Amino acid sequence: MMKSMTGFSSLTQEDELSTITVTIRGFNHRYLDIQLKLPSQLHSEAGNLRAHVQRHIGRGRVELTVELQVKRLLSTEIELNEPFVEALAEAIKRARDQGFVVDGLSASDVMRFNQALVIRDKPLSPEEAEAEKDAVVRAVETVTEAALVDFEAMRQQEGQYLAVDLEKRHASLVDLIEKISSVANEGNAALEQRIGERIAELQLEVQLEPSVITQEVVRIVARNDISEELTR
């Protein structure tokens, strides 16, 4: 089956962990030339992705671009600023003792002060970070494989169009060659007849040696001026 070396495919996959877009472009090239454009997180996977391309494509220049956005699912840590809350409670107690306030310090009172609580994302452990990376790499491989299948389907479709076009051109060339051959044969036959007639006329006018007649015919043909010689 004929395949075009040009083609295009772009697929995007989004899940709770990441958003991945793989774009493949194909161009004419004598050999297989793979160009990878990867984010820094995937530089170590260049060889693996290159192997994926080689399993599907044998020739042409192929540009594979991967865009990756990781959605980090980090847990949250909340730390109570105990010295601040203790100081705040002591201040409220003194205010109550002096009759400035009636009630004590409540949880809602504490939440009004940004200094009371420290909220931050809990970093991933080395094991969690490695598991996340493995999951992202597997997802990238899955999307890349799907994009390559789509890319190959497009190349096959374009190849079918090319095959039909080439077949039409071939048929046109065969028809043209047949017409040229027919016209050439007719021209040769007419030329042979006219030369024969001219030779007969010369033989009637003058007794010439066959070798002289042969030389004269060769001279006329070599000068490519047959029509002028025959009309003298």
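The values are calculated or read from the model by the stated rules, or taken from the named source; none is laboratory data. Computed from a prediction, not measured in an experiment: that's the story for all the values here. Positions of Cβ are backbone-derived with ideal geometry, glycine not excepted, and every protein chain shown enters the neighbour counts. SASA here: full protein model, heavy atoms, side chains in, ligands and nucleic acids out. Shrake-Rupley method; radii C 1.70, N 1.55, O 1.52, S 1.80 Å.
Structure above, values below:
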| read-out | value |
| --- | --- |
| Lone unmet requirement of (1) exposed (fewer than 15 other Cβ atoms within 10 Å of the Cβ); (2) of a type in the set (Asp, Glu); (3) under 25 Å from the mean Cα position of the chain (by Cα) for GLU86 | (3) |
| Of all residues making up region 152-175, the number that are open to solvent by 90 Å² or more (accessible area, probe 1.4 Å) and either at pLDDT 80 or above or charged (D, E, K, R) (or both) | 5 |
| Filtered residues of region 89-139 (kept if open to solvent by 100 Å² or more (accessible area, probe 1.4 Å), assigned to a loop (DSSP other than H, G, I, E, B) and of a type in the set (A, V, I, L, M)) | VAL102 |
| Unmet criterion (only one of (1) at pLDDT 70 or above; (2) outside any helix (DSSP H, G or I)) for LEU208 | (1) |
| Among (1) closer than 27 Å to GLU130 by Cα; (2) at pLDDT below 90 - the single one GLY58 does not satisfy | (1) |
| Leading residue by the ranking (least open to solvent (accessible area, probe 1.4 Å)) among those in region 176-205 that are at pLDDT 70 or above and among the β-branched types (Val, Ile, Thr) | ILE195 |
| Unmet requirement for GLY47, which otherwise passes all of (1) within 30 Å of VAL136 (Cα to Cα); (2) touching a residue at least 40 places away in the same chain (Cβ under 8 Å) | (2) |
| From the options LEU36, LEU11, residue that is of a type in the set (A, V, I, L, M), farther than 14 Å from VAL143 by Cα, in a strand (DSSP E or B) and at pLDDT 90 or above | LEU36 |
| Residue within region 132-152 that is among the polar types (S, T, N, Q), out of contact with any Cys (no Cβ under 7 Å at 6 or more places or on another chain) and under 30 Å from ASP15 (Cβ atoms) present | yes |
| Checklist (1) of a type in the set (A, V, I, L, M); (2) out of contact with any helix residue (DSSP H, G or I) (no Cβ under 7 Å at 6 or more places or on another chain); (3) closer than 29 Å to GLN157 by Cα applied to VAL53, failing item | (2) |
| Selection from region 57-86 of residues that are under 24 Å from THR19 (Cβ atoms) and not in a strand (DSSP E or B) | LYS71, ARG72, LEU73, LEU74 |
